[in-house]
Structures are given as structure tokens and as C-alpha cells.
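All remarks here apply to the structure that follows.
Where a number appears in this text, it was derived from the coordinates with a stated rule and is not lab data. Nothing here was measured: the structure is a model prediction, and the numbers come from that model.
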Amino acid sequence: MPSARRITPSSISALVVLATVSATPIAAQASQPTVVAIDGVLCDLTRTLVASDAKVVCLIQPGSDPHNYRLKPSDRQALSSASLVLHNGYNLTPSANKISNSAKVVAVAEKAIPINEDLDPHVWHDPANSAAMVAVIAERLAPILPARQQAALTARAAEAINVLNRVGDWGGNQFATIPENQRVLVSEHKAYSYLTNRYGLRQITMLDSFTTGGVLRPSSLRSIKAEVQGSGAQTLFPESLPVSKTLRRISRSTGLPVNGAPLFADGLAPDRSTVGTATLNICTVVQGQGGQCDQAAADELMARWSAIR
Ligand SMILES: [Zn+2]
């Protein structure tokens, strides 16, 4: 299935060159610049793009909940000494909105995906959007890296975009293996619209909200039960383990099992890259809904991503 907008490596070179020309380059420094990556998949995207040319401080650890994150004193220290601060935006981490709105703070998803009708922060679940985020990050990194590192940055960004576009295409092949009447995803909070829209799945959520937490009212339980039954759903996908009370209630009420493997809604999965997280989520949905996942091809994409230097 084609993606609405696709970033290509040639567009990134133009962006980086433009940024290099228009920004005042910082003279070679004795110490490396520091970049703070707050949330979502930014930690891995940024580390992949800078390689060893800058220090990257990641605030929200993989598997943690950005929606309820509160900045710590050590976070504030890192933020004040950073040359560049990247956060996802679209209110993924409400506490990030409290950071002073200086030029060094960039809401990456808001720049990369400016048209987002529902203001859904979970944009990276479409790999094409992750590619667009790579382009924005590379553009913002260019002015803070020394001139001698610009060519390497451009090359890394181009390869990252290539790999993410391949992941997007690979995902389409995996979802195509799910029987047509089972192309549905039942999850907890409303985090997968960009995945389900790209790949033509129906999304059913227990909580009609972009954030985690919240209690289900009995009337909602009835409406979810009505929506899930006959939808083709084979399983309910948890977003964390142990499984939430809400999910257990819906499982009892609908007779659908809770999937053994969780989905990673809010950023990177522990010990996984952006590509590792995307392929894991896609395989979890595909296998849970009765399709087959080409793990060998996923492993190749993960290895290609890890090889970006
Ligand atoms: Zn979320």
C-alpha cells in the first residue's frame, strides 16, 4: 500500500545542505555537542544519525510511559547544557511542553508530520513518518556538528531513510498474510492509528484516548464488547505486562484471549532500535491475527539499521 508522503534520500541531502548553508556553523569545539532526546523513538533515531559525533542524552527509557513522565532535576541539568533538544511533540510528553520554547527545542513529529488532524502523537507507527522524522533531525543536527562531519551525517540520514522505507514496504507484505476478515487490531489506548491507517486494518480501542491509564465505565465495556465480537479480532493486544485490569475484564467479557506478547505503543521496546521495535510490533499483530511474519527479512533490516555508522 502506498504511503501518502515518502521522504527520499535526495530530499534529505537538499535539506542538510540548506541547513548547513543557512546556519552559522559552530567552530570545532574541544568537547562534543550534547543533544537531548526526550521521548518516542527519538533516542535511537538521534543516536543513529550522530554516531560518535555528538553526545546523546535520552530522558525517557525504552518501555517507559511518556504520557505521565515528570522531568527530574538531572533532566533539567541536561536540558540546560544541550545544544539541541528533541521531543516528539503533539503532547506525547506533556511535561516536555514546560521546557522553555527556545530555538534549540524542536518538536520533531510536529515538524515532520505537520498535518495531523487528530493530533495523535504516535506518528512513528508508520515507518514513512519515522523517515520524515529522520529528515527533520538531520536538518537540525547539521548546524551543531562540525563541517567535517556533514558528509557523514548526510550519508547516515540517507541510509536511515532507505531502511525505514524498506521497513514500511516489508510491513505491507506481512499484513497481507492476515486473512482479510481478520485485519483488525484491538488495543488499550488509541496509539496505533498510523499503523492501522497505513496497512488497512481496523482499530478498536478500549480507551478512547491517546493517553494511557483511565478506567472503563460499564457502558463502555458493553460498547467495546459489541464492537469486538464479530470484528474478526483473534486476540486483545496488551501494551504492558502484567496485563491491566481493564484488559482482563474485556477478555472475560468477550471470550477473546489476551495476546501473550505485548505491543510497544509509546516508543522504543527495551533493547530494540526503531527498526527492531517496528518489526516486533508488526510481527506481534500479524501473528496474533492469524498471519505469518517473515522474521529473516526483519532481521536483515535490523542488521542494516545497526550497521549505520
Ligand atoms: Zn501513547
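Given a cut-off of 28 Å, what percent of all Cα-Cα pairs of region 27-177 lie beyond it?
19
Within straight cross-link reach of residue 111, meaning Cα distance under 17 Å, which aspartates and glutamates are found once same-chain residues fewer than 8 apart are removed?
Of all the aspartates and glutamates, those that pass the test against residue 111 - Cα under 17 Å, at least 8 places apart if same chain - are 39, 120, 126, 139.
Just subtract the alpha-carbon distance of residue 71 and residue 249 from 0.36 nm times their residue separation and send over the number in nm, one decimal. Let's see the in-between values first.
Values: separation 178, 0.36 × 178 = 64.08 nm, distance 3.32 nm.
So the extension gain works out to 60.8 nm.
With an 8 Å cut-off on Cα pairs and a minimum separation of 6 or more residues, tell me the relative contact order of region 9-170 in percent.
Numbers: 232 pairs, mean separation 51.1, N = 162.
Dividing the mean separation by the residue count of region 9-170 yields 32 percent.
Based on DSSP H runs of at least 4 residues, each adding -39500 (n - 2.57), what is the mean residue ellipticity at 222 nm of the chain after dividing by all its residues, to the nearest 500 deg cm²/dmol? If you can, show how the numbers build up before the last one.
Working: 11 runs with 133 residues, N = 309.
The helix contribution divided over the chain gives -13500 deg cm²/dmol.
Under 8 Å for C-alpha pairs, at least 6 residues apart: give me the relative contact order for region 175-306, rounded to a whole percent. Please list the in-between numbers first.
On the way: 186 pairs, mean separation 35.4, N = 132.
The normalised contact order for region 175-306 reaches 27 percent.
Using amide H atoms built 1.01 Å from N in the peptide plane, name the residues 5+ places from residue 204, or on other chains, whose amide H lies under 5 Å from its own.
185, 186, 187
Need the list of lysines near residue 98 for cross-linking: C-alpha distance under 16 angstrom, and skip anything on the same chain fewer than eight residues off.
Partners within reach: 72.
Under 16 Å between alpha carbons, and skipping anything fewer than 8 positions from residue 55 in its own chain: which aspartates and glutamates qualify?
Within reach: 44, 75.
Over the alpha-carbon set of the chain, divide Rg by the Kirkwood Rh and report the Rg/Rh ratio to two decimals.
Numbers: Rg = 19.8 Å, Rh = 20.0 Å.
Ratio of gyration radius to Kirkwood radius for the chain: 0.99.
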